[in-house]
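Asks: Would you mind keeping the following structure in view while I ask a few things?
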Amino acid sequence: MRRAFCSVDLIREMTALTFGLTFVRHGETQYNKDGLLQGQAIDCPLSEEGLQQAESAGRYLKDVKFSNLFVSDMMRARQTAETIVKHNSSCAGLQLVCEPLLKEKSFGIAEGKPVQELRDMAKAAGQSLAVFTPPQGETQEQVKQRVKEFWLKMVQHVGGEHWPNRGENGERSSAPHVEGEEADNLPVHVLVVSHGGYLSVTMRFLVDDLHCPLPEGYSRARMFSLSPNAGVSRFVLTLTKDNNAFEVSKIQCLFVNKGDHVKT
């Protein structure tokens, strides 16, 4: 016997929250310029070039109506986020949430050393650079666990703060349908500023775990490649609500690792 479609089902089906999500990698540091690993132990500021890159990212993102700001608690990410916020009038009065879960991957004893030394260590261990973990460093799975923890925390925070209210007729309003660059104008848009290694793991999580389709013309290699300094990636997410928990019901990638705004 077919079950009657009750009003509760109707409300649940109609209710959704669609929002933009923009990831930014921090600007260049002197360690980046010199090809040295920073990880977590080395908390250095942006270089002069990195400050200019952050300014370029700020100008590129100045018209995005951000509603929530999350940033790694490391100096290079904070400086980048603060510069972006400075250019964006929609950020006035918003709290910049410093989040330890957004820290860069720990490279253990390899931190402070040339990237080539890490490659040599991986080769000596008979492993690819992508899966090799130096002593005292984080494994890819450990970084992924931090990514998942932040993701769940962010989704619940955004859902709890911005879930659509009931309209004048008593029904909940649904979020608008979004295509392409229209994400700039969504009333809810989250900015996340983090690090190259962390964001690469994040992209794998979104594709492999959340089944986000690759944008047209993108390969997996391109999707998971290291973002340029001050590079920008953008997604559109739709949340639904089951009891008191929010879940991602749809995810769309608009672009990944865009860096032409920082070219001179």
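Asks: I'm trying to understand the selection: among the residues of segment 73-91, which are assigned to a loop (DSSP other than H, G, I, E, B) and more than 21 Å from Val201 (Cα to Cα)? Break it down into steps so the answer makes sense when it comes.
Replies: Taking segment 73-91 as the starting set, the residues that turn out to be assigned to a loop (DSSP other than H, G, I, E, B) are 73-74, 87-88.
Selection gives His87, Asn88.
Asks: Would you mind stating whether Leu254 is part of a strand (DSSP E or B) and under 23 Å from Thr83 (Cβ atoms)? Quick ask: steps written out before the conclusion?
Replies: Working: part of a strand (DSSP E or B): yes; under 23 Å from Thr83 (Cβ atoms): yes.
Yes, satisfied.
Asks: Could you give every pair whose Cβ atoms fall below 8 Å, whose first residue belongs to segment 242-264 and is within 17 Å of Met154 (Cβ to Cβ), and whose second residue is among the small types (Gly, Ala, Ser), counting only separations of at least 6 or pairs across chains?
Replies: Every condition considered, the pairs that remain are Phe246/Gly159; Phe246/Gly160; Ser249/Ala16; Cys253/Ser233.
Asks: Something else now. Looking only at segment 179-201, which residues are outside any helix (DSSP H, G or I) and either modelled with pLDDT of 85 or more or in contact with a Phe, Trp or Tyr (Cβ under 9 Å, 6 or more places away or on another chain) (or both)? Give the derivation first.
Replies: To start, the set of residues in segment 179-201 that are outside any helix (DSSP H, G or I) comprises 179, 186-195.
Matches in segment 179-201: Leu186, Pro187, Val188, His189, Val190, Leu191, Val192, Val193, Ser194, His195.
Asks: Would you pick out the residues in segment 87-113 that are under 15 Å from the mean Cα position of the chain (by Cα) and of a type in the set (D, E, K, R)? Give the derivation first.
Replies: From segment 87-113, those under 15 Å from the mean Cα position of the chain (by Cα) are 96-105; that's our starting set.
The answer is Glu99, Lys103, Glu104, Lys105.
Asks: Right, here's the next one. Could you check segment 92-139 and list, in sequence order, the residues that are among the basic types (Lys, Arg), closer than 13 Å to Leu37 by Cβ and either in contact (Cβ under 8 Å) with a residue 40 or more places away in the chain or part of a strand (DSSP E or B) (or both)? Please lay out each step first, then the result.
Replies: Our first condition is that a residue be among the basic types (Lys, Arg); within segment 92-139, this holds for 103, 105, 113, 119, 123.
Still in the running and closer than 13 Å to Leu37 by Cβ: 105, 113, 119.
Those that are among the basic types (Lys, Arg), closer than 13 Å to Leu37 by Cβ and either in contact (Cβ under 8 Å) with a residue 40 or more places away in the chain or part of a strand (DSSP E or B) (or both): Lys105, Lys113.
Asks: Looking only at segment 247-264, count every residue that is surrounded by fewer than 19 Cβ atoms within 10 Å (Cβ to Cβ), out of contact with any Lys or Arg (no Cβ under 9 Å at 6 or more places or on another chain) and of a type in the set (A, V, I, L, M, F, W, C) and tell me the total.
Replies: 2
Asks: Which count do you get for residues in segment 221-231 that are free of Cβ contacts under 8 Å to residues at least 60 places away in the same chain and in contact with a Lys or Arg (Cβ under 9 Å, 6 or more places away or on another chain)? Break it down into steps so the answer makes sense when it comes.
Replies: Of the residues in segment 221-231, the ones free of Cβ contacts under 8 Å to residues at least 60 places away in the same chain are 221-226.
Next cut, in contact with a Lys or Arg (Cβ under 9 Å, 6 or more places away or on another chain) only: 223-224, 226.
Total satisfying the criteria: 3.
Asks: Only one of (1) part of a helix (DSSP H, G or I); (2) touching a strand residue (DSSP E or B) at 6+ places or on another chain (Cβ under 7 Å); (3) farther than 30 Å from Val155 by Cα is not met by Ala54, so which one is it?
Replies: The single condition Ala54 does not satisfy is (3).
Asks: So, one more: Do you know which residues across segment 63-72 are touching a strand residue (DSSP E or B) at 6+ places or on another chain (Cβ under 9 Å), part of a loop (DSSP other than H, G, I, E, B) and of a type outside the set (Val, Ile, Thr)? Even if it seems obvious, please write down each step before you answer.
Replies: Keep residues of segment 63-72 that are touching a strand residue (DSSP E or B) at 6+ places or on another chain (Cβ under 9 Å), which gives 64-72.
Next cut, part of a loop (DSSP other than H, G, I, E, B) only: 64-67.
The answer is Lys65, Phe66, Ser67.
The values are calculated or read from the model by the stated rules, or taken from the named source; none is laboratory data. Just so it is clear, the model here is predicted, and its values are computed rather than measured. In this analysis, Cβ positions are derived from the backbone assuming ideal geometry, glycine residues included, and neighbour counts consider all displayed protein chains.
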